[in-house]
1. Taking into account only those residues within segment 222-281 that are hydroxyl-bearing (S, T, Y) and either open to solvent by less than 20 Å² (accessible area, probe 1.4 Å) or farther than 23 Å from V395 by Cα (or both), which is nearest to the chain's Cα centre (by Cα)?
2. Out of the residues in segment 406-425 that are within 20 Å of Q226 (Cβ to Cβ) and of a type outside the set (S, T, N, Q), which is surrounded by the fewest Cβ atoms within 10 Å (Cβ to Cβ)?
3. All but one of (1) surrounded by fewer than 20 Cβ atoms within 10 Å (Cβ to Cβ); (2) modelled with pLDDT under 85; (3) over 30 Å from S444 (Cα atoms) hold for G362; which doesn't?
4. Take the residues of segment 365-391 that are more than 15 Å from the chain's Cα centre (by Cα) and modelled with pLDDT of 80 or more: which is farthest from V437 (Cα to Cα)?
5. Residues to consider are L236, L277, L271, L207; find the one that is touching a Gly at 6+ places or on another chain (Cβ under 8 Å) and either over 25 Å from F441 (Cα atoms) or at pLDDT 90 or above (or both).
6. Quick check on L85: is it open to solvent by 10 Å² or more (accessible area, probe 1.4 Å) and at pLDDT 90 or above?
Amino acid sequence: MNQTILFGSVVVYLLFIIVLGLYFSRREVKDSDDFMIAGRRLPRIVLIGTLLATWVGSGTVIGGASFIYQYGPLASIFFFAGAPLGIIVLYFIADKARSLEKYTVPEMLEIRYGKLTGLLAALIIILAYVGITSYQFIGGGYILNIVTGLPVETGTAITAVVVIILAATGGLFSVAYTDFISSLFIIVGFLLGGSIVLGELGGFSELAAKLPPEKITWTGGLSFVQLLGYFLPLFLLILGDQNMYQRFSAAKNAETAKRSTVGFFFGNILLVFLAILLASSSIVLFPDIPPDTAILHLSMEKMPLIVGIMVLTSSVALIITSGNSYLLSAAGNLVYDFYIRLRGKNLSQSQQLRFHRWVVVGLGFFAYVLGTYFPSVLEAQMYSYTMYGATITPVILASFLWKRVNSAGAIATIITGGAATLFWEMVLDKPFGWNSVLFSFPLSVLALLIFTRFSTPNAETKESH
């Protein structure tokens, strides 16, 4: 593939989304509602696009491709299955979340569990989302290295700068509409590229016949417990992901929020299927490449120029807009759940907007520094997902589904899940090769059950019985 043309295409696309972000910053973003939740007026088609693009970042193009390349297409079904299953659950929650009309998940949790629970949840979300933002930076660095030949470190820095600029200018308006455009590009690019590569290999049966025997088993050489350790983080994250709930809050109304999950479900299924097809084809065509470059190499070496450009530029854009989403969301926690609440200051709309933008810049720099401590996107992905899923998700679901759950149970869950994740990762250094979710999630759920059962119900819980 002509690297000069490819480099120019990526630059043009990045400039396009930056200009789009600046356009929305000047035209649409007048206050914090516009910046954080797009003025609660996103239409369904844009909502579907931004939900899809937020979820399909480097976690699919880099981390997911790495898993497929290492363990095969059948085992990867377990890896990716958490998202569609989680979206089904979100279908029954989306309209309720929209009706609450809150900016952040901790604000939602405070209604049920009180101020302390909200503050603890905000702290955990910030830690997890800064981690997720950091691996978007790393993923962008990988792609720019392959596409342009720039050092990964330089590509990571460029990605970080673009993410910070977009998040700090146009807020959710720029993120949502660039998400929508990027999701269209990636779907068309994956469809065209997948059909071309599959035709070259001779169809599905020939692809399966050419895969190494160890790559066509349902486990890929992993134990059931190890597979579960890869499945649970994605499943738990999407169920409690603040980005999902903020996008539901940004919908025009509750019905729009609920129906957007249907398009999100089928779009996710399609993209996962195509990602598995592309990465599996790389196993056959490029047996000795780094696993996390499986889709990228295929795009450069086996696709026509225009199709490869679509896949690679939209992959860069998806990573950038995913980074925008998590960075913007974490900044919201600092602004609404800590500064405004704890300082007790009523900032004017213009002051709040200005402060929010500076927080985005600060957190973005912190995420960039944090990214240097993780050797791979997949490792950072599993850690960040687990930190969130083992602490926040059980509390969110319980608030919607269990009337008896109370503040004591919620606080115990957050503290137990967070401490267990750090202990397994940092102190024990992941014994048996198991991801920390296998240790932290059962303990957090147990804490929820025990502390709720043996403590006094909240006042509002008593009144409901």
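1. First, the residues of segment 222-281 that are hydroxyl-bearing (S, T, Y): 223, 230, 245, 249, 256, 260-261, 280-281.
From what's left, either open to solvent by less than 20 Å² (accessible area, probe 1.4 Å) or farther than 23 Å from V395 by Cα (or both): 223, 245, 249, 256, 260-261, 280-281.
Numbers: S223: 26, Y245: 13, S249: 17, T256: 21, S260: 17, T261: 16, S280: 23, S281: 25 Å.
Filtering segment 222-281 for residues that are hydroxyl-bearing (S, T, Y) and either open to solvent by less than 20 Å² (accessible area, probe 1.4 Å) or farther than 23 Å from V395 by Cα (or both), the one nearest to the chain's Cα centre (by Cα) comes out as Y245.
2. Step one: of segment 406-425, the residues within 20 Å of Q226 (Cβ to Cβ) are 420-421, 423-425.
If we keep only those that are of a type outside the set (S, T, N, Q) too, we end up with 420, 423-425.
On the way: A420: 22, F423: 14, W424: 23, E425: 19.
Ranking the qualifying residues of segment 406-425, first place goes to F423.
3. So G362 meets the others, but not (2).
4. F365
5. On the way: L236 fails: either over 25 Å from F441 (Cα atoms) or at pLDDT 90 or above (or both); L271 fails: touching a Gly at 6+ places or on another chain (Cβ under 8 Å); L207 fails: touching a Gly at 6+ places or on another chain (Cβ under 8 Å).
So the residue among L236, L277, L271, L207 that is touching a Gly at 6+ places or on another chain (Cβ under 8 Å) and either over 25 Å from F441 (Cα atoms) or at pLDDT 90 or above (or both) is L277.
6. Details: open to solvent by 10 Å² or more (accessible area, probe 1.4 Å): yes; at pLDDT 90 or above: yes.
Yes: the conditions hold for L85.
For (1) open to solvent by 10 Å² or more (accessible area, probe 1.4 Å); (2) of a type in the set (A, V, I, L, M, F, W, C), each residue gets a yes or a no:
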site: G8; (1), (2): yes, no
site: F24; (1), (2): yes, yes
site: I45; (1), (2): yes, yes
site: T50; (1), (2): no, no
site: G72; (1), (2): no, no
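Let's see how each residue does on (1) without any contact (Cβ under 8 Å) to a residue 24 or more places away in the chain; (2) under 20 Å from T421 (Cβ atoms); (3) surrounded by fewer than 18 Cβ atoms within 10 Å (Cβ to Cβ):
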position	(1), (2), (3)
R112	no, no, no
A121	no, yes, no
I125	no, yes, no
V130	no, yes, no
G139	no, no, no
I143	no, no, no
G149	no, no, yes
E153	yes, no, yes
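The values are calculated or read from the model by the stated rules, or taken from the named source; none is laboratory data. Bear in mind the structure is a predicted one, so any value in this text is a computation, not a measurement. Don't worry about glycine lacking a Cβ; one is built from the backbone with ideal geometry, like all the others, and counts go over all protein chains shown. Heads up: the accessible areas ignore ligands, DNA and RNA and are worked out on the full protein's heavy atoms, side chains in. Shrake-Rupley method; radii C 1.70, N 1.55, O 1.52, S 1.80 Å.
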